[in-house]
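Read the figures in this text as sums done on the coordinates, not as results from a lab. Remember, predicted model here, so these are calculated numbers, not experimental data. Please note: Cβ atoms are built from the backbone with ideal geometry, for glycine as well, and neighbour counts cover all protein chains shown.
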Amino acid sequence: MSPTVAIGSSGEFSKILSTSSIVITDFYADWCGPCKTISPVFESLSTKYSKPNRITFTKVNVDNQQAIAQLYGVRAMPTFLIFRSGTVIQTIQGADRGGLTTAIENAIKLAGPSKPTFSSAGRTLGGSTPRASLARPFNYQRYIDILISFFGLYFISLFSLDAYKAAEESPFNIYNEAKSKGYTAPGGARLGEKRTGAATQIGKKLGTIADLGGD
């Protein structure tokens, strides 16, 4: 099917002129022999160069659309008018195959390159968009350090005369490093302060290994 638009009214022609960058129009008559001779060339160029809303080929029957023919002063057939942005930029009269082809090819260059098309990953309604993972990587070293500290305190306390004091002064006690900085240990007491209350009683109750063998 030919992409050439057969103009049916002045309004239709005006709309095409306002929406297409380049418009090439063939003004013809059914009784015109030269019009029939050049028509296949015009249709071939139309098939080759037509671009929706950019380059449009049209045909105007001067007997049916006299108002359009009179508006542009068409008196000889065939007459080809080339429009750019609604303004006539060139007129070709007669069945001049070479002249028509050259004029149209020059006009096509004025339309500029095609606009690039952009594509992106589509989304369906209700679909989820990819989200960055909030999960942190598992820290094996942290748990290994905790286990070492736990068992270190356990064995030091087990074989010491004063279990509480040994645990408190152990290099595995995580609060030893903070003593010099005056940080507060869990429970509200300051690190490095003398034990009082329940802690002292526990130490007295445990005593020493020698006490464990007595009555």
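Points to keep in mind about this one:
- Residues being free of Cβ contacts under 8 Å to residues at least 60 places away in the same chain and surrounded by fewer than 16 Cβ atoms within 10 Å (Cβ to Cβ) - total across region 79-89: 3
- Scope region 38-71; condition among the hydrophobic types (A, V, I, L, M, F, W, C) and within 43 Å of the chain's Cα centre (by Cα); matching residues: Phe42, Leu45, Ile55, Phe57
- Test result for Gly33, loosely packed, with under 12 Cβ neighbours inside 10 Å and more than 45 Å from the chain's Cα centre (by Cα): yes
- Residue count for region 63-89, restricted to those that are on the phi > 0 side of the Ramachandran plot and not polar (S, T, N, Q): 2
- Which numbered condition Val74 misses (of (1) buried (at least 19 other Cβ atoms within 10 Å of the Cβ); (2) in contact with a strand residue (DSSP E or B) (Cβ under 7 Å, 6 or more places away or on another chain); (3) touching a residue at least 60 places away in the same chain (Cβ under 8 Å); (4) not hydroxyl-bearing (Ser, Thr, Tyr)): (3)
- When residues of region 5-22 are limited to those that are of a type in the set (S, T, N, Q) and within 13 Å of Pro52 (Cβ to Cβ), the one surrounded by the fewest Cβ atoms within 10 Å (Cβ to Cβ): Thr19
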